[in-house]
Amino acid sequence: MTGTSLAHQMIVGLEIHVQLATQSKLFCRCGTAYGQPPNTQTCPICQGLPGTLPMINQRAIELAIDIGLALDMELVSGCRWDRKHYFYPDLPKGYQTSQLDLPITRNGRLEFIDPTEPARRCHVRINRAHLEEDAGKSLHGEGAATGTCIDLNRTGTPLMEIVTEPDLRSPQEAKAFLQQLRTVLLYIGVSDCNMQEGSMRVDANVNLHIAVDGRTVATPIVEIKNLNSFRNVERALEYESRRQMQVWQENGQVLGQRPKQTRGWDADREVTTVQREKEEAADYRYFPCPDLPPVVISAEQIAERRARLPRLPQQWKQALVERWQLNDYDAGVIVEQGREVAEYFETVAETSRDGKRSANWITQEVLRLLNEQQQTIAQFPITAARLGELVAAVSSGELDHARAREVFSLWLERPLSLAEAKQRLGIAAVSADEVTELVQAIVGQNADAIADYRRGKQQALGPLIAQAKRLNANVSPGSFRAALLQFIAEQDPV
Amino acid sequence: MTAAEPSAVEWTRRVRTGEWSARQVTEHYLQRIATLNPRLNAFVEVWAASAMEQAQRVDQKRAAGQQLGPLAGVPIGIKDNLCVAGQVCSAASRMLANFRPTYTATVCQRLERADAVLMGRTNMDEFAMGSGTEYSYYGPTQNPHRAATGSKAAGPGAAGSVANGSATEAGAGATEGYSPGGSSGGSAAAVAAGMVPLTLGSDTGGSIRQPAAFCGVYGLKPTYGRVSRYGLLAFASSLDQVGPLANSPEDLESLFRTIEGADDYDATCLSSAAVRDAEEALGDWRQRPLRVGFVAEHTELSLDPAVRVAWETTRDYLQSQGATVTRVSLPYQAQAIAAYYLVASCEAASNLSRYDGMHFGHRANLPESTSLEQVMAASRGEGFGAEVKRRILLGTFALSQGYADRYYQQALRLRQAIRQDFATAFQSVDVLLGPTTPAPAFAIGAHRQDPVAMYLTDQFTVSANLAGLPAISIPVAASGDLSRGLPVAVQFHAPPCGEPLLFHVARLLHRWNLSHLSAGCAEGNGASIKDSAGGRS
């Protein structure tokens, strides 16, 4: 795509669908596990069998309240359910139960770090977040059938649709916001936010404000549907920005001159393509669902959820800095990894009473390995308590760093205790007598080096320390060096 | 008319004492159905085999010395819009002619638990939309009090000509017989003719009370939320209630007690605590004379003389029994029909969306290449009858963008005003007395060319649904001349959870019916049925 780019500002608002981490569906007792055989997690209710009625999963309400609290939103008691009508084979009832006029939460905000200027914080206003049920899935030409099959396992799964104001100004900002949102949602445990499995899906509304002759014109708004990774969000927005500039330069059409267009992102070709113009879109004929009473949220319930709400990422970071004296950067790195890693850190630090050293072990050793192995902290073979013990041993001088790394490597293979690992690696305490014997033996074999040292060549002792390590791997270089110097001083023929 | 048949309460007593076995009772009624149904078409399917099995289980329970449920051995007819696992439930529609639900409605589960015997499904207007049981895929049901003479074509598809409004016989009323009312016409006719002692119906705008009035039986529309709707094929969710039809107040109450109560599967059901609170709010009506409200607006309407006389006589009788009667005003009563048809049609359009031939309902037989949209359109076009389509179109239009405010929202405001009217009235009275219908039963086909005239027969019944109140239709013996031999009824409304008040009034009037007007006409009406029934012996 070519075309000179005028000064312009990108305007982005996002709609994020998040699957709530409930055991059962929103309106029935069927399970929500991913990847089960088609139609095995269904019942008359989520199949939409004539005569069935929805019943509310209170857990979904609780998680929705948690999201409201975490995003600083107003919680709406008496929020209503509405039916959104359209005909599609994966929608057995012919309508989706959602919330239109009175969503369960509204008017919130979320802060995140400016991707171009880490010292600066941006914030995005959240217009609303409402509950709704997911539809089923059409399987085209899969399995034994030649035509299209319908899997209703996902039907009725609770979703929270989070809608931002158009406060984002670049693809990078959109991505940074989404990462922060995901981190928050993971910390409060309301969703696994697994984008591959579809438990977090993003739609982006985007247009450009272009500066022309001292005034600003806006291009028509485009909605890019179903972006399934943050990278795709970023790339689709980048593409769309270039495309809208070019189209505007070609036809000069501005906001209001054409209906809102829905486009999809083709990740292979790296382009967005038209899905439909809104004027052809269905009239959903929303109306209040007569089968569900409004959801009453009491002040007591809010207080209870607030009291149980897990610490938010910001609060974690602050705690790591204040309690364990981590610097902002290290605290940030740990917190960004998610609540499990932060909790892992906390246990290591509690056990070792050495926050700084614990942070170093985790950021330099543990996270590197997790990344290499594509593992989660839950799968990591060394428990936080054991790593804490190891860090404590280093802090107390019981182990030097090199030997501690040997223990760490061994632990990756076998779940041994520290004592067992030391024994297997031959790590034992070295007595003062053993050190003295070692000094005498080495001095005896290295008269030249001693003489060099005496003549002022400090570095002459280095090879002697290495030698001592070879003779006894357990000897600490510091204690050997001290003993050696003392021996030389005593022998000094002054 | 049905005095010859024992009540449900009496049958249970006989089964308990062992005078009759449940199987004998069931056989007796299966025989009655076999004799009467060809003429009346009240049942669209009889579950003879499963009914006999249920009866046998009751007998075995008794033989084993186990406690029997409150409706032990009583045969019951189920309206064709209530699900029983494994049995067809069609809502009298071609759309669902082959639909067998995999689950059982809460009310039917409660009947089974009460040891009742489910006899089969009763005829109705398609998806409960209608006031005459004429719009049925299985053809119309006859009013037992004035059934058509000669054989009639009933059975699947028989309704074609009626539902499509293309009557083949001109001036058909006389030969086609009289309507039992609707939509629960099959249930009302079955009870009136003594084909079963009890039936379940559903009432969205009068669908229990109006046929009960037309057939001369008792019919109750309970307080909204008092009876679970789980397993009732939805017509208009905020208006629908399942309720009982019976030949006596005692039977009516015993069936109501069996089916009512909170249900986890229906979020709109009232909790036991809410029912207790509402019952307490009724006050100490048992300790003082009954306060009856006489609706002023009704007196201004043009009513059939038989209905007017029955209504005024009832008022006078209650007064003679010590009740105080005062005139009360329901100013928004006149708008009830308009509000009702909007709300009901909007909800129906939504509820019936699921019948698209994909998951449920008739699927048009089209070539593979046909588009999804065409398959859905053709399936709905073929599967639904004319009246159902009319209401879907009305509801879809009223909910469309740009119109919803003018129609649906306006209807909701009216609904609120009607609710308020009742609340105000019930500050000074215990029950409201009025007619159930403007006139006795009409001839089948009388409203064929004019659906709005048919809608107007519901003008006194829809407000109870809009306001969520309980209401009962009570047959009162009227002058046979005035009503041309057809039953006449009055209706009472009560405040929320005021069912005990309604049963109380029903018992008072039942005694009056039995003692005073000695059912001279009623027995006369019943004769034709008894003759037919007698034909078997």
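Let me confirm something: among B:SER320, B:SER302, B:SER329, B:SER353, which residue is among the polar types (S, T, N, Q) and within 12 Å of chain A (Cβ to nearest Cβ)? Step through it out loud before you land on a result.
Values: B:SER320 fails: within 12 Å of chain A (Cβ to nearest Cβ); B:SER302 fails: within 12 Å of chain A (Cβ to nearest Cβ); B:SER329 fails: within 12 Å of chain A (Cβ to nearest Cβ).
So the residue among B:SER320, B:SER302, B:SER329, B:SER353 that is among the polar types (S, T, N, Q) and within 12 Å of chain A (Cβ to nearest Cβ) is B:SER353.
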Tally the residues that are closer than 15 Å to A:GLU406 by Cα and buried (at least 19 other Cβ atoms within 10 Å of the Cβ), restricting the search to region A:353-370.
2
Return yes or no: is B:ARG62 within 21 Å of the chain's Cα centre (by Cα) and away from chain A (no Cβ under 14 Å)?
no
Can you name the condition, by its number, that B:ALA446 falls short on among (1) part of a helix (DSSP H, G or I); (2) closer than 19 Å to B:TYR135 by Cα?
(1)
Residues that are under 14 Å from the mean Cα position of the chain (by Cα) and either over 27 Å from B:GLY86 (Cβ atoms) or among the charged types (D, E, K, R) (or both): find the helices (runs of 4 or more DSSP H) completely inside region B:174-270 holding 3 or more of those.
B:209-215
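Would you be able to say whether some residue in region A:236-256 is part of a loop (DSSP other than H, G, I, E, B) and among the polar types (S, T, N, Q)? Please lay out each step first, then the result.
From region A:236-256, those part of a loop (DSSP other than H, G, I, E, B) are A:252-256; that's our starting set.
If we keep only those that are among the polar types (S, T, N, Q) too, we end up with A:253.
The answer is yes, given that some residue of region A:236-256 is part of a loop (DSSP other than H, G, I, E, B) and among the polar types (S, T, N, Q).
Here's a check for you: in region B:393-437, which residue that is within 13 Å of chain A (Cβ to nearest Cβ) and among the aromatic types (Phe, Trp, Tyr) is farthest from the chain's Cα centre (by Cα)?
Of all residues in region B:393-437, those within 13 Å of chain A (Cβ to nearest Cβ) come to B:393-405, B:407-409, B:411-412, B:415.
Within this subset, residues satisfying the condition of being among the aromatic types (Phe, Trp, Tyr) are B:397, B:403, B:407-408.
On the way: B:PHE397: 28, B:TYR403: 32, B:TYR407: 28, B:TYR408: 26 Å.
Only one residue tops the list, namely B:TYR403.
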Considering only residues of region A:431-467 that are of a type in the set (Asp, Glu) and either touching a residue at least 40 places away in the same chain (Cβ under 8 Å) or closer than 16 Å to A:GLN491 by Cα (or both), which is surrounded by the fewest Cβ atoms within 10 Å (Cβ to Cβ)?
A:ASP448
Can you tell me which of B:THR17, B:THR12 is modelled with pLDDT of 95 or more, among the β-branched types (Val, Ile, Thr) and touching an Asp or Glu at 6+ places or on another chain (Cβ under 9 Å)?
B:THR12
List pairs: first in region B:225-242 and at the interface with chain A (Cβ under 8 Å from one of its Cβ atoms), second among the hydrophobic types (A, V, I, L, M, F, W, C) and part of a loop (DSSP other than H, G, I, E, B), Cβ under 7 Å, 6+ apart or cross-chain?
B:ARG229/A:LEU53; B:TYR230/A:LEU53; B:TYR230/B:ALA105; B:GLY231/B:CYS83; B:GLY231/B:ALA105; B:LEU232/B:ALA105; B:LEU233/B:CYS89; B:LEU233/B:ALA91
Among the residues of region A:36-58, are any in a loop (DSSP other than H, G, I, E, B), away from chain B (no Cβ under 14 Å) and closer than 21 Å to A:LEU131 by Cα?
yes
When you go through B:GLY139, B:GLY130, B:GLY77, B:GLY73 one by one, which is the residue that is in contact (Cβ under 8 Å) with a residue 60 or more places away in the chain, surrounded by 24 or more Cβ atoms within 10 Å (Cβ to Cβ) and touching a strand residue (DSSP E or B) at 6+ places or on another chain (Cβ under 6 Å)?
B:GLY77
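For B:GLY205, state whether it is in contact with a strand residue (DSSP E or B) (Cβ under 9 Å, 6 or more places away or on another chain), under 20 Å from B:PHE422 (Cα atoms), surrounded by 24 or more Cβ atoms within 10 Å (Cβ to Cβ) and more than 14 Å from every other protein chain (Cβ to nearest Cβ).
Details: in contact with a strand residue (DSSP E or B) (Cβ under 9 Å, 6 or more places away or on another chain): no; under 20 Å from B:PHE422 (Cα atoms): yes; surrounded by 24 or more Cβ atoms within 10 Å (Cβ to Cβ): yes; more than 14 Å from every other protein chain (Cβ to nearest Cβ): yes.
Answer is no for this residue.
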Among the residues of region A:290-305, is there at least one that is of a type in the set (Val, Ile, Thr) and away from chain B (no Cβ under 14 Å)?
yes
Of A:ALA307, A:ALA303, A:ALA331, which residue is under 18 Å from A:VAL184 (Cα atoms) and surrounded by fewer than 12 Cβ atoms within 10 Å (Cβ to Cβ)?
A:ALA307
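Quick grid of which residues meet (1) away from chain B (no Cβ under 14 Å); (2) in a strand (DSSP E or B):
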{"residue": "A:GLY68", "(1), (2)": "yes, no"}
{"residue": "A:SER77", "(1), (2)": "yes, no"}
{"residue": "A:PRO92", "(1), (2)": "no, no"}
{"residue": "A:THR116", "(1), (2)": "yes, no"}
{"residue": "A:ALA119", "(1), (2)": "yes, no"}
{"residue": "A:HIS123", "(1), (2)": "yes, yes"}
{"residue": "A:HIS130", "(1), (2)": "yes, yes"}
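Taking the condition at positive phi, under 34 Å from the mean Cα position of the chain (by Cα) and in contact (Cβ under 8 Å) with a residue 24 or more places away in the chain, does A:ASN226 pass? Can you show your working first?
Details: at positive phi: yes; under 34 Å from the mean Cα position of the chain (by Cα): yes; in contact (Cβ under 8 Å) with a residue 24 or more places away in the chain: yes.
Judged against the criteria, A:ASN226 is a match.
Which residue out of B:ARG39, B:ARG14 is surrounded by 21 or more Cβ atoms within 10 Å (Cβ to Cβ), among the charged types (D, E, K, R) and away from chain A (no Cβ under 14 Å)? Working first, answer last.
Values: B:ARG14 fails: surrounded by 21 or more Cβ atoms within 10 Å (Cβ to Cβ).
B:ARG39 is the lone residue from the list that is surrounded by 21 or more Cβ atoms within 10 Å (Cβ to Cβ), among the charged types (D, E, K, R) and away from chain A (no Cβ under 14 Å).
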The condition of being of a type in the set (A, V, I, L, M, F, W, C) and either more than 8 Å from chain A (Cβ to nearest Cβ) or within 24 Å of B:THR437 (Cα to Cα) (or both) holds, among B:LEU366, B:LEU372, only for B:LEU366
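The values are calculated or read from the model by the stated rules, or taken from the named source; none is laboratory data. This one's a predicted model, so the numbers in the text were calculated from it and none came from an experiment. Note that each Cβ is placed from the backbone with ideal geometry, even for glycine, and that neighbours are counted across all protein chains shown.
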